[in-house]
Structure formats: structure tokens, C-alpha cells
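The values are calculated or read from the model by the stated rules, or taken from the named source; none is laboratory data. Note that the structure is predicted; figures quoted are calculated from it, not measured. As a convention, Cβ positions derive from the backbone with ideal geometry for all residues, glycine included, and neighbour counts pool all protein chains shown. Side chains included, ligands, DNA and RNA excluded: accessible areas come from the protein's heavy atoms. Shrake-Rupley method; radii C 1.70, N 1.55, O 1.52, S 1.80 Å.
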Amino acid sequence: MTEYVDPHARPKRDLVQAMMRGLKGRCPACGEGKLFRAFLKVNNHCPHCREALYHQRADDLPAYLTIVVVGHIVVPAMLYVEKAYAPALWLHAAIWLPMTVILSLLFIQPIKGATVGMQWAAYMHGFDPHSPDAKLGEDRS
């Protein structure tokens with residue numbers, strides 16, 4: 001008896017490894033090529049393994065997650081400083097506004113990379129070679 005083999009079966013991709021590679025700004029497939037060509041612009045293809053990356057649709061998820069992460073760092077710190085030292089409002093503004101901006105800029109790119117890695121590992125948005133989305137052109141910027 002012959003065993004049926006699904007022609008559309010996909011090899012399992014390691015979610016944690018793909019997200020960690022994306023977090024480091026590396027291609028989720030090979031871990032070698034750069035994921036970003038600019039601060040938040042994802043390369044159309046990995047410069048090392050040529051994996052197509054233009055399918056990614058990170059959209060607003062990295063921004064939302066950055067807000068959550070930065071908020072969980074800044075708000076408790078701000079409340080602690082207010083309770084312990086009660087500084088003037090101008091000092092709060094001088095400390096927490098720049099800290100919020102700096103932390104947001106530090107976290108947004110790694111979070112976007114991890115999002116792209118998650119999408120790649122889960123075969124989302126055209127990363128599945130058998131999906132209709134995979135046939136879309138590369139004219140995305």
C-alpha cells in the first residue's frame with residue numbers, strides 16, 4: 001500500500017528561532033542576512049539566502065507592542081519617582097518624555113523584526129509558497 005504524501009505539506013519552521021533572528025535584525029530563514037534595509041524598511045529579499053521577505057505585513061503590531069513595553073517600563077518608574085521624591089512637574093517632563101522617545105526608538109525595530117520572524121515561521125501573508133499571496137509582485141516599498 002502506498003502512503004499518501006501531501007504535495008502542499010510545509011516543513012515545520014521554528015517559531016522561537018525565527019523570532020529571535022528577527023529580534024536581532026537578521027533574516028528569519030537563515031539568520032545571516034540583514035532583515036532591514038533602512039530603520040523600519042524590510043528588505044525585499046534576504047541578501048544572503050535570497051528568501052523573499054516582501055510578503056511581510058507587520059502593519060501596526062510593532063507600534064502597539066512598543067507602546068505596551070515602553071509603558072510598562074516608564075509608568076512604574078515615573079510613579080515610583082513621584083511617590084519617593086515628588087519632583088516638580090517640569091522635572092518629570094524633562095526625564096520621562098525623552099526616556100519614552102528613546103526607549104520607543106530602541107524597541108520598535110527589534111519588535112518589528114520579531115513580528116516578521118513570527119509571520120515567516122507561521123507561513124503567514126505569502127510566506128507560504130502555495131498561497132495566492134506568494135504570487136504577488138515585489139513592487140512594495
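Scan region 19-56 for residues that are assigned to a strand (DSSP E or B) and basic (Lys, Arg) and jot them down. Outline the logic, then answer.
Initial filter on region 19-56 (assigned to a strand (DSSP E or B)): 26, 34, 36, 42, 45, 52.
Correct list: 26, 34.
Which of the residues that make up region 106-131 are assigned to a loop (DSSP other than H, G, I, E, B) and surrounded by 21 or more Cβ atoms within 10 Å (Cβ to Cβ)? Talk me through it step by step, then tell me what you get.
Here is the first cut: in region 106-131, the ones assigned to a loop (DSSP other than H, G, I, E, B) are 122-131.
Passing the criteria: only 127.
If I ask for residues that are open to solvent by 50 Å² or more (accessible area, probe 1.4 Å) and assigned to a loop (DSSP other than H, G, I, E, B), which ones from region 84-94 would you list? Give the derivation first.
Restricting attention to region 84-94, the residues satisfying the condition of being open to solvent by 50 Å² or more (accessible area, probe 1.4 Å) are 84-86, 89-91, 94.
The answer is 86, and nothing else.
Checking the conditions here, which among 25, 31 is within 13 Å of the chain's Cα centre (by Cα) and among the small types (Gly, Ala, Ser)?
Numbers: 31 fails: within 13 Å of the chain's Cα centre (by Cα).
When all the criteria are applied, what remains is 25.
Kindly provide the set of residues from region 15-30 that are farther than 12 Å from residue 50 by Cα and not polar (S, T, N, Q), ordered by number.
The initial filter retains those residues of region 15-30 that are farther than 12 Å from residue 50 by Cα, namely 15-26.
Answer for region 15-30, where residues must be farther than 12 Å from residue 50 by Cα and not polar (S, T, N, Q): 15, 16, 18, 19, 20, 21, 22, 23, 24, 25, 26.
Specify which of the listed residues (74, 16, 81) is assigned to a helix (DSSP H, G or I) and closer than 24 Å to residue 131 by Cα. Don't jump to the end; show me each part of the working.
Details: 74 fails: closer than 24 Å to residue 131 by Cα; 81 fails: closer than 24 Å to residue 131 by Cα.
Result of the check over 74, 16, 81: 16.
Of all residues in region 34-71, how many are farther than 13 Å from residue 108 by Cα, open to solvent by 70 Å² or more (accessible area, probe 1.4 Å) and over 11 Å from the mean Cα position of the chain (by Cα)?
Counting residues in region 34-71 that are farther than 13 Å from residue 108 by Cα, open to solvent by 70 Å² or more (accessible area, probe 1.4 Å) and over 11 Å from the mean Cα position of the chain (by Cα) gives 5.
Of the numbered conditions (1) among the hydrophobic types (A, V, I, L, M, F, W, C); (2) out of contact with any helix residue (DSSP H, G or I) (no Cβ under 6 Å at 6 or more places or on another chain); (3) free of Cβ contacts under 8 Å to residues at least 60 places away in the same chain, residue 107 fails exactly one; give the number of that condition.
(2)
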